[in-house]
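No value in this document is a laboratory result; all are computed from the given coordinates. Owing to the predicted nature of the structure, the values given are computational and were not obtained by experimental measurement. Backbone-built Cβ (ideal geometry, glycine too); neighbour counts: all protein chains shown.
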Amino acid sequence: MNDYGVFANLATVAASLASAAAAVRLAFMKRSKWQPPEEAVPAAVSRFAALLAMVVIALLYVFGRKVGQIALATITITLFVIAVACLIIALRTNVKYSFYYPKRNHEPDRKLGGDVLTDEAARIRKQKSLSEQQLFEDAQGDKDLVWTKASQASVMTRSTLSFIGLVGLGTCTLAAAAMLVVISMAE
């Protein structure tokens with residue numbers, strides 16, 4: 001960054017803010033299969049996670065120099081590890097437990113199922129060798145006929161918390177790393 005001369009600090013801060021802004025954009029993007037469906041995490045929830053991340057970003061910029069490089073590096077690494085764990089959980093949960101009704105592979109029709117079949121669904125699956133997607137279609141989209149309520153709640157909770165953690169902590173990780181660069185440039 002020293003190649004920028006007197007603008008080195010300005011370039012560093014601008015790059016830091018740009019990376020944080022790009023991460024915040026994640027909360028406002030169109031739903032993809034790795035994200036929870038709208039029924040699981042309404043758009044307002046992910047936007048609230050982004051808002052909380054913005055508050056943490058502001059705190060990092062205000063107090064980053066005061067906590068020092070070592071503490072900020074520790075915060076950055078911790079946030080990064082947790083964000084990666086959230087990403088893995090979000091991917092596994094939202095891909096594995098996504099089912100469609102009435103149209104297959106039509107994002108607005110995607111629902112999160114559960115991880116434990118009801119007794120009746122398990123019996124039908126075994127007798128007819130049906131997939132969970134086929135069971136869901138045969139149940140005409142009634143999740144309660146296919147999965148237990150407790151398992152649906154468990155999957156929904158995993159999906160929601162991992163996505164909120166990914167959005168919030170991922171954004172904070174980028175901001176903390178950017179602040180670390182700013183502090184190291186100043187010294």
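Taking R0 as 35 Å, what FRET efficiency do you get between residue 58 and residue 106 from their Cβ-Cβ distance, rounded to the nearest 0.05? Once the sixth-power term is evaluated, E becomes 0.35. Using a Gaussian network for the chain with springs between C-alpha atoms less than 10 Å apart, which of these wobbles most: 123, 92, 47? Most flexible of the set in this elastic network: 123. Between amide H atoms placed 1.01 Å from N, distances below 5 Å from residue 118 occur with 147, 148, all of them 5 or more places distant or on a separate chain. With helices as the sole contributors, the chain gives -23500 deg cm²/dmol at 222 nm; each DSSP H run of n ≥ 4 counts as -39500 (n - 2.57), and the sum is divided by every residue. The angle separating the long axis of helix 119-128 from the principal Cα axis of greatest extent in the chain is about 70 degrees. Here's the list of aspartates and glutamates a cross-link from residue 128 could span, going by alpha-carbon distance under 16 Å and ignoring same-chain residues fewer than 8 apart: 119, 120, 137, 138. Against the chain, whose longest principal axis comes from its Cα atoms, helix 43-67 is set at around 30 degrees. Going from the residue with the fewest nearby Cβ atoms within 10 Å to the one with the most, 136, 7 rank 7, 136. Taking other Cβ atoms within 10 Å as a rough exposure proxy, 54, 185 sort from fewest to most as 185, 54.
To the nearest 0.05, how large is the calculated FRET efficiency for residue 14 and residue 43 if R₀ is 25 Å and r is the Cβ-Cβ distance? The formula returns an efficiency of 0.30 here.
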